[in-house]
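Here's the structure we're looking at; comments come further down.
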Amino acid sequence: MPWNVIVRKKFSWAHFLTDYHGAPEPVHGHTWLVEVHIRADKVDAGGMGYDFLEVEGFLKELLPDYRLLNDIVDFSPSAENMSRWIYQKVKEKYPTVSKVVVWEKEDCGAEYWED
C-alpha cells in the first residue's frame with residue numbers, strides 16, 4: 001500500500017526572469033511555497049514513511065530563505081524551472097520523489113514529475 005508523504009515549506013525569494021519577452025524582467029519578490037511529494041511504499045514501526053522534519057530540514061538547506069534565486073541557480077528561475085531543479089535535487093536524497101510543486105503565489109504555480 002503506497003503513500004505520498006507531502007511536505008510544504010514557504011520561502012521568501014526574489015528573482016527575475018532572463019529573456020522574459022525578449023528583455024530581462026525587473027527584480028521582484030514572492031512568498032513561494034514548495035510542495036514535495038515523496039512516495040513511501042511502507043511505514044516504519046512508528047507509522048511513518050518519511051520524517052516530515054527531516055524533509056523540511058533538507059529543503060531549508062537546499063533553499064535558503066531571503067535570497068535572490070538568480071544567485072542560487074544558473075538558469076532563469078521561473079516556477080517551471082525551479083520545480084524541475086528542486087525535483088532533481090530532492091531525487092538525489094529521496095529517490096522515490098513523485099512530484100514537486102512550486103507556488104510562486106497563492107494561485108500560480110508549476111509542478112514537475114517524471115514518468
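The values are calculated or read from the model by the stated rules, or taken from the named source; none is laboratory data. Because the structure is predicted, anything quoted here is derived from the model rather than measured. Cβ coordinates were reconstructed from backbone atoms using ideal geometry, including for glycine residues, and neighbour counts include every protein chain displayed. Keep in mind that these areas ignore ligands, DNA and RNA; they rest on the heavy atoms of the full protein, side chains included. Shrake-Rupley method; radii C 1.70, N 1.55, O 1.52, S 1.80 Å.
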Query - Cα-based helix-to-principal-axis angle, 79-93 vs the chain, degrees rounded to 10 - result: 40 degrees
Report summary line: One finds, for TRP113 and LYS10 with R0 = 25 angstrom and r their Cβ-Cβ distance, a FRET efficiency to the nearest 0.05 of 0.70
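Looking only at the chain, where both bridge partners belong to it, what percent of the DSSP beta bridges are antiparallel (to the nearest 5)? Write down the numbers at each step before the final one.
Details: 25 of 27 bridges.
Expressed as a percentage, antiparallel bridges in the chain total about 95.
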Query - HN-Hα J in Hz across region 45-57 - Karplus 6.51, -1.76, 1.60, θ = phi - 60°, x for Gly and Pro - result: 4, x, x, 10, x, 9, 7, 3, 5, 5, 5, 4, x
Query raised in the report: What are the lysines whose alpha-carbon lies under 26 Å from the alpha-carbon of LYS10, with same-chain residues fewer than 8 places away excluded?
Result: LYS60, LYS89, LYS91, LYS93, LYS99, LYS105
Query - Translational diffusion of the chain, µm² s⁻¹ [Kirkwood Rh, Cα pairs; Stokes-Einstein; 20 °C; 1.002 mPa s] - result: 145 µm²/s
Report summary line: Expressed per residue, the solvent accessible area of the chain in Å² (1.4 Å probe) is about 62 Å²
Requested in this report: Between the alpha-carbon centers of region 11-31 and region 43-58, tell me the distance in whole angstrom.
Outcome: 34 Å
Query raised in the report: For the chain, what % of the accessible area comes from carbon and sulfur atoms, probe 1.4 Å?
Result: 51 percent
